[in-house]
Amino acid sequence: MQMRQRPAALLVEDNPIDHKLARILLEKAGFRVEHAFSAEEALPLIDGPPFSVVIVDVDLPGMSGFDLTRLVRARPARAGLPILAVSSTTGAEAQTWARAAGCDAFLPKPLDYGTFVATVARLARPPGADQPAA
C-alpha cells in the first residue's frame with residue numbers, strides 16, 4: 001500500500017501568535033508545515049525540496065514579503081511556486097502591490113480561518129508537481 005505524501009507549506013511569519021494559528025490551521029488541513037521567521041531565513045528553504053505553497057507575511061523584519069516573492073519569481077526552478085501574501089495592511093492598494101510583486105493571492109489579517117484554508121488549498125500544488133522529470 002502506497003502512502004500519499006502530504007503537501008508541504010512554507011510559512012514565512014515573524015509574529016509568534018500568527019505563526020501558531022496559521023500552523024494549526026494548515027496542519028488540520030493536511031499540510032506539513034515548515035517555518036521561517038524572515039525572508040532571509042526562507043530563501044535557503046525555498047531552494048531545497050519543493051513546497052506546494054508558500055504563505056508569506058508582507059511585513060517582515062529586514063526584507064519584505066514582496067521582496068521575497070520577487071526573488072522567488074526570479075528563480076527559474078521556483079518561478080511557478082504558488083505564493084499567498086498575508087498582511088495587516090488592507091485595501092485595494094495592498095492587493096495591487098501583492099499582484100505587482102508576483103503573489104498569486106492576498107489575504108488581510110486578521111485571517112478569516114475558512115477563507116485562509118480554502119485559499120491555501122486552492123493554490124497548493126500536489127506534492128512533487130514542480131519537480132523536474134528524472
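Values in this text are rule-based calculations from the coordinates and carry no lab data. Because the structure is predicted, anything quoted here is derived from the model rather than measured. Here the Cβ positions follow ideal geometry from the backbone for every residue, glycine too, while neighbour counts run over all protein chains shown.
Provide the FRET efficiency to the nearest 0.05 for the ARG70-ALA92 pair, computing r from the beta carbons and using R0 = 30 Å.
Calculated transfer efficiency: 0.90.
Quick one: dipole size for the chain, taken about the Cα centre, charges +1 on Lys/Arg Cβ and -1 on Asp/Glu Cβ, in debye to the nearest 20.
Charge dipole of the chain: 560 debye, to the nearest 20.
Under 5 Å between amide H atoms, partner at least 5 residues away or on a different chain: which partners does MET63 have, H built in plane at 1.01 Å?
It is ALA39, GLU40, by chain and number.
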